[in-house]
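Trainee: Can you read through this structure? Questions will come right after.
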Amino acid sequence: MANVLPPSVTWAADSGCFASPHEFDPLRYLGFLAKNQDAVDRCLFVTMPDVVADAAATLKRVQSWPIILRGLGFKPALVAQDGLESLEVPWDDLDALFIGGTTTWKLSHHAHALVVEANRRGKWTHMGRVNSLRRIRAAQLMGCRSVDGTFLLFGPDVNLPKMQRWLDELDRQPVLFTAW
């Protein structure tokens, strides 16, 4: 949130609730989005504010956000949290499913089933907090179309070539089957 967008890159926006759950400022977030409306055509999705590891609280928190975000021209993403598999997902209100939650839940068969359903419905699927080849593979096997993490933030001169090797390895070793 609040990063300067380089010209002509595809991007997504995250509300930042994972990093600072008690400091989410909706006006600041909406200000960032308004400032970047000229790049809305390059935006994959914008996450609605969530409550980490609590799907029920997240669903309560996002109630008006799809209308607000679509009003600005953005595609709303629901951050899936622990327990979402037991609740009614408001599929018509979202354009993307962002797999968040605890590490155990995000790598569970519950999260995988939600990714499968989101893909079936034509929604973009994404996994957050992906900072290793192993996690990228897990997201790929689940069917996520994109990932993000802080890996490049720390030591980009060393970590960018390492990440490129990971991506090259994934390209060389196609998925033959999944264990799901």
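Each reported figure results from applying straightforward, stated rules to the coordinates on display, with no laboratory input. Worth saying up front: this structure is predicted, and the values here are computed from it rather than measured. Neighbour counts are summed over all protein chains in view; Cβ atoms, including those assigned to glycine, are modelled from backbone coordinates with ideal geometry.
Trainee: If the viscosity is 1.002 mPa s and the temperature 20 °C, what translational diffusion coefficient in µm²/s does Stokes-Einstein give for the range 1-108 when Rh comes from Kirkwood over Cα pairs? It would help to have the intermediate numbers written out before the result.
Mentor: Details: Rh = 14.1 Å.
Roughly 151 µm²/s, to the nearest whole number.
Trainee: If you take the beta carbon distance between residue 120 and residue 150 as r and set R0 to 35 Å, what does 1/(1 + (r/R0)^6) give as a FRET efficiency, to the nearest 0.05? Walk me through the numbers before you get to the answer.
Mentor: On the way: r = 30 Å, r/R0 = 0.87.
Efficiency for this residue pair is about 0.70.
Trainee: Another question about this same structure. Fewest first, what order do 142, 163, 127 take by the number of other Cβ atoms within 10 Å?
Mentor: 163, 142, 127
Trainee: Could you tell me which GluC sites (Glu not before Pro) in the range 36-132 are loop residues by DSSP with no more than 11 other beta carbons within 10 angstrom of their beta carbon? Walk me through the intermediate numbers first.
Mentor: Numbers: sites: 85, 88, 117; in loops: 88.
The qualifying sites are 88.
Trainee: Then there is this: Once you've got the GNM for the chain with C-alpha springs shorter than 10 Å, pick whichever of 97, 72, 152 has the biggest mean-square fluctuation.
Mentor: Top of the fluctuation ranking is 152.
Trainee: Still on this model: Give me the extension gain from residue 92 to residue 164: residue separation times 0.36 nm, minus the current Cα-Cα distance, reported in nm with one decimal. Present the calculation step by step, with values, prior to reporting the outcome.
Mentor: On the way: separation 72, 0.36 × 72 = 25.92 nm, distance 3.57 nm.
The residue 92-residue 164 span can extend by a further 22.3 nm.
Trainee: I would also like to ask the following. Divide, for the chain, the radius of gyration over alpha carbons by 2.2 N^0.38 Å, where N is the residue count.
Mentor: Values: Rg = 16.1 Å, N = 180, 2.2 N^0.38 = 15.8 Å.
Relative to the 2.2 N^0.38 Å estimate, the chain comes out at 1.02.
Trainee: Where is the GNM fluctuation largest for the chain (alpha-carbon springs, 10 angstrom cutoff): 153, 107, 84?
Mentor: 153
Trainee: So if I take the centroid of the Cα atoms in the range 128-145 and the same for the range 15-58, what is the distance between those two points in Å?
Mentor: 21 Å
Trainee: Do any trypsin sites (Lys or Arg not before Pro) in the range 55-112 lie in a DSSP loop with no more than 14 other beta carbon atoms within 10 Å, and if so, which?
Mentor: When the trypsin sites (Lys or Arg not before Pro) of the range 55-112 are filtered for loop state and at most 14 Cβ neighbours within 10 Å, nothing remains.
Trainee: Treating the beta-carbon of each Lys and Arg as +1 and of each Asp and Glu as -1, no other charges, what is the dipole magnitude of the range 11-172 about its Cα centre, to the nearest 20 debye?
Mentor: Working: 19 positive and 19 negative charges, 67 e Å.
Rounded to the nearest 20 debye, it is 320 debye.
Trainee: Would you be so kind as to identify which of 77, 144, 43 lies farthest towards the positive end of the dipole of the chain, taking Lys and Arg as +1 and Asp and Glu as -1 on Cβ and the Cα centre as origin?
Mentor: 144
Trainee: Along the Cα→Cβ direction, 7 angstrom out, place labels at residue 4 and residue 132. What is the inter-label distance in nm?
Mentor: It works out to 3.5 nm between the two label points.
Trainee: Farthest toward the dipole's positive end in the chain, which of 97, 110, 9, given Cβ charges of +1 (Lys, Arg) and -1 (Asp, Glu) about the Cα centre?
Mentor: Of the listed residues, the answer is 9.
Trainee: Identify which of 93, 157, 25 has the largest mean-square fluctuation in a Gaussian network model of the chain, with springs joining Cα atoms closer than 10 Å.
Mentor: For the chain, modelled as a Gaussian network with Cα springs under 10 Å, the answer is 157.
Trainee: Helix-only estimate, please: 222 nm mean residue ellipticity of the chain, summing -39500 (n - 2.57) across DSSP H runs of length 4 or more and dividing by its residues, to the nearest 500. Mind dumping the intermediate values first?
Mentor: Working: 7 runs with 67 residues, N = 180.
Calculated mean residue ellipticity at 222 nm is -11000 deg cm²/dmol.
Trainee: Between residue 30 and residue 172, what's the calculated FRET efficiency when r is the beta-carbon distance and R0 is 30 Å? Round to 0.05. Intermediate values should be presented prior to the final figure.
Mentor: Working: r = 43 Å, r/R0 = 1.42.
It comes to 0.10.
Trainee: Another question, if that's okay. For the range 93-132, taking Cα atoms only, what is the radius of gyration to one decimal and the Dmax to the nearest whole Å?
Mentor: 10.1, 31
Trainee: Same structure again: Can you pull the Rg over Rh of the range 107-168, Cα-only, Kirkwood?
Mentor: Numbers: Rg = 12.8 Å, Rh = 12.3 Å.
Checking Rg against Rh, the ratio lands at 1.04.
Trainee: Which lysines have a Cα less than 21 Å from the Cα of residue 35, not counting those fewer than 8 places away in the same chain?
Mentor: Straight-line reach from residue 35, under 21 Å: 75.
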